[in-house]
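S.K.: For reference, the structure I am asking about is given below.
The values are calculated or read from the model by the stated rules, or taken from the named source; none is laboratory data. Not measured: the values here are computed from a predicted model. Quick reminder, even Gly has a Cβ in these numbers, built from the backbone with ideal geometry, and neighbours come from all protein chains shown.
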């Protein structure tokens, strides 16, 4: 009889716990990302051949085609061999901002690097790509 009474008490309190949950309150959904109303002059830049130890800079331009200002919040390179600078002020409608990526070209060989650019209020970041081939200097002829 004690076991039956204990079972009833457990069921009673268990039902109270389940009833306390409010299924009518949905989890807070994230705010939908704004439609992108800006365009890049290019998203992939091929330097071609780059001399070793000569930094290779490129400037990407983004134009605001919308009716509200846009704000870049970050421009992060994929490695330490590329430095990214970007427009930090809001970009007004009809105006442009920049992301300048500079690859240090210290090591000979092919490279492909990215800069990930995020904007305030936009869900997915934009990825800018730079690529090319760093050529080592030709060896000097020996004088023997």
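S.K.: Being touching a strand residue (DSSP E or B) at 6+ places or on another chain (Cβ under 6 Å) and part of a loop (DSSP other than H, G, I, E, B) is the filter; apply it to the range 115-144 and report the residue that is nearest to residue 78 (Cα to Cα).
M.R.: This residue is 125.
S.K.: What residue, among those in the range 117-134 that are within 19 Å of residue 56 (Cα to Cα) and surrounded by fewer than 15 Cβ atoms within 10 Å (Cβ to Cβ), is nearest to the chain's Cα centre (by Cα)?
M.R.: The qualifying residue nearest to the chain's Cα centre (by Cα) is 127.
S.K.: Could you check the range 37-97 for strands (runs of 3 or more DSSP E) lying wholly inside it with 1 or more residues that are without any contact (Cβ under 8 Å) to a residue 40 or more places away in the chain and over 16 Å from residue 130 (Cα atoms)? Working first, answer last.
M.R.: Values: elements: 38-40, 44-51, 56-64, 72-77, 82-86.
Output list reads 38-40, 56-64.
S.K.: Kindly indicate whether residue 56 is more than 14 Å from residue 118 (Cα to Cα) and at pLDDT below 95. Please lay out each step first, then the result.
M.R.: Numbers: more than 14 Å from residue 118 (Cα to Cα): yes; at pLDDT below 95: no.
When the stated conditions are applied, residue 56 does not pass them.
S.K.: Is there a residue being within 12 Å of the chain's Cα centre (by Cα) and either closer than 18 Å to residue 39 by Cα or at pLDDT below 95 (or both) anywhere in the range 104-114? I'd like the intermediate steps shown before the answer.
M.R.: First, pick out the residues of the range 104-114 that are within 12 Å of the chain's Cα centre (by Cα): 114.
Filter once more, keeping what is either closer than 18 Å to residue 39 by Cα or at pLDDT below 95 (or both): 114.
Checked against the condition, which is being within 12 Å of the chain's Cα centre (by Cα) and either closer than 18 Å to residue 39 by Cα or at pLDDT below 95 (or both), the range 104-114 yields at least one hit.
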